[in-house]
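The values are calculated or read from the model by the stated rules, or taken from the named source; none is laboratory data. As the structure is a prediction and not an experimental result, all values here were calculated from the model. Neighbour counts are summed over all protein chains in view; Cβ atoms, including those assigned to glycine, are modelled from backbone coordinates with ideal geometry.
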């Protein structure tokens with residue numbers, strides 16, 4: 001069965017991400033090692049039947065998911081298995097998020113929406129800088145039936161998540177990942193900020209990689 005990922009970002013300045021970045025730099029001591037921080041919301045749809053355009057239209061039509069006045073969106077192909085991984089039944093699929101299928105972002109849509117996750121994140125290229133994208137999702141019941149509404153195939157299921165992407169100055173990928181986890185997983189009042197392990201689980205959305213010239 002097919003899997004799709006519906007990603008959302010905010011059209012205006014994300015004040016939550018701005019405040020979190022300031023706290024990571026100052027209170028948690030990252031300083032200038034944190035080059036950028038962004039927050040995206042997302043939904044993983046699996047056990048799907050029907051065409052991608054029908055699913056795109058159904059997701060975009062849900063006001064509790066998408067508001068065209070405040071959000072931008074993109075659809076991606078994805079490898080199945082995230083739902084099982086979120087339930088702790090198997091490892092997270094890797095590679096997971098594939099090619100971009102559609103988007104309402106003008107600068108991406110003009111290229112025929114043929115980009116990938118790096119295109120969507122649009123991190124400015126920088127030497128010795130690595131991108132770490134962490135998903136956070138509910139630890140108790142991460143996978144839910146589709147909410148009431150008009151769906152192409154109502155037996156599908158959805159995993160809602162928040163994705164934090166940190167662009168970090170580091171010597172290599174393992175160091176960047178270690179640093180990202182240290183500052184992201186909230187273990188005490190002064191250790192970690194973005195993900196709360198007592199009520200959330202986490203996964204890597206993509207392999208840690210240099211922020212390179214391919215970013216827009």
Lone unmet requirement of (1) at positive phi; (2) free of Cβ contacts under 8 Å to residues at least 60 places away in the same chain for residue 15: (1)
Test set (1) farther than 25 Å from residue 63 by Cα; (2) over 17 Å from the mean Cα position of the chain (by Cα); (3) not in a loop (DSSP other than H, G, I, E, B) - residue 201 fails condition number: (2)
Against the condition without any contact (Cβ under 8 Å) to a residue 60 or more places away in the chain, within 24 Å of residue 196 (Cα to Cα), out of contact with any helix residue (DSSP H, G or I) (no Cβ under 9 Å at 6 or more places or on another chain) and buried (at least 16 other Cβ atoms within 10 Å of the Cβ), how does residue 121 come out, does it pass? no
For residues that are at pLDDT below 90 and surrounded by 14 or more Cβ atoms within 10 Å (Cβ to Cβ), tally how many sit in segment 90-115. 4
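If you scan segment 22-33, which residues turn out to be surrounded by 21 or more Cβ atoms within 10 Å (Cβ to Cβ) and not in a loop (DSSP other than H, G, I, E, B)?
Kept after step one, since they are surrounded by 21 or more Cβ atoms within 10 Å (Cβ to Cβ), are these residues of segment 22-33: 24, 30.
Correct list: 24 only.
Here is a yes/no grid of residues against (1) in contact with a strand residue (DSSP E or B) (Cβ under 7 Å, 6 or more places away or on another chain); (2) more than 30 Å from residue 210 (Cα to Cα); (3) free of Cβ contacts under 8 Å to residues at least 24 places away in the same chain:
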{"position": "45", "(1), (2), (3)": "yes, no, no"}
{"position": "62", "(1), (2), (3)": "no, yes, no"}
{"position": "72", "(1), (2), (3)": "yes, no, no"}
{"position": "80", "(1), (2), (3)": "yes, no, no"}
{"position": "91", "(1), (2), (3)": "no, no, yes"}
{"position": "98", "(1), (2), (3)": "yes, no, yes"}
{"position": "104", "(1), (2), (3)": "yes, no, no"}
{"position": "138", "(1), (2), (3)": "yes, no, no"}
{"position": "145", "(1), (2), (3)": "yes, yes, yes"}
How many residues, within segment 2-21, are surrounded by 12 or more Cβ atoms within 10 Å (Cβ to Cβ) and assigned to a loop (DSSP other than H, G, I, E, B)? 2
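Could you tell me how many of the residues in segment 159-187 are part of a helix (DSSP H, G or I), touching a helix residue (DSSP H, G or I) at 6+ places or on another chain (Cβ under 8 Å) and within 21 Å of residue 14 (Cα to Cα)?
Going residue by residue through segment 159-187, those that are part of a helix (DSSP H, G or I) are 173-184.
Then drop every residue that is not touching a helix residue (DSSP H, G or I) at 6+ places or on another chain (Cβ under 8 Å), which leaves 179, 183.
Now narrow it down to the ones that are within 21 Å of residue 14 (Cα to Cα): 183.
Residues in segment 159-187 being part of a helix (DSSP H, G or I), touching a helix residue (DSSP H, G or I) at 6+ places or on another chain (Cβ under 8 Å) and within 21 Å of residue 14 (Cα to Cα): 1 in total.
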